[in-house]
Amino acid sequence: MNIVPSRSLFKKLLMFHAFVIFLVTTIALATAQEVKEAPAEQAKGLLAVGIGLATGLAAAGAGIGAGIAGAAAISAVSEKREMFGISLLFVVIAEGVAAYGIAIAFILPGLAGF
């Protein structure tokens, strides 16, 4: 029985990452543009919304991805112990999405000029 993760699963994970990165970056850039054009007190509120959306969506995406990859990893390792390393790699790749969201949360104030 072949329990190596299929290419289609890997492609789905990559497409999911690309979508989340695109979504978080688009929201961050749109929020940064709105913050530059808004009055000062409104700008801080929009900045907080942008940071919250970037971090929250990235964390939700990472949770979904890690849940799917983690379930597959547990199944693979329970059948064949040699699969631990590659299974751990898939879980770590899914968790990388959260790091993108946190990075955007730190970059966003700089883009907005704060």
**Request:** Kindly provide the set of residues from region 96-114 that are under 17 Å from L23 (Cβ atoms) and either modelled with pLDDT under 80 or surrounded by 13 or more Cβ atoms within 10 Å (Cβ to Cβ) (or both), ordered by number.
**Result:** G96, V97, A98, Y100, G101, I102, A103, I104, A105, I107, L108, L111
**Item:** Residue that is modelled with the highest pLDDT, among those in region 1-36 that are assigned to a helix (DSSP H, G or I) and loosely packed, with under 10 Cβ neighbours inside 10 Å
**Value:** S8
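Any residue in region 54-66 that is among the β-branched types (V, I, T), in a helix (DSSP H, G or I) and under 14 Å from A18 (Cα atoms)? I'd like the intermediate steps shown before the answer.
Going residue by residue through region 54-66, those that are among the β-branched types (V, I, T) are 55, 64.
When the remaining residues are screened for being in a helix (DSSP H, G or I), the result is 55, 64.
Now narrow it down to the ones that are under 14 Å from A18 (Cα atoms): none.
There is no residue in region 54-66 that is among the β-branched types (V, I, T), in a helix (DSSP H, G or I) and under 14 Å from A18 (Cα atoms).
The values are calculated or read from the model by the stated rules, or taken from the named source; none is laboratory data. Being a predicted model, the structure only gives us computed values, none of them experimental. Cβ atoms come from the backbone with ideal geometry, glycine included; neighbour counts cover every protein chain shown.
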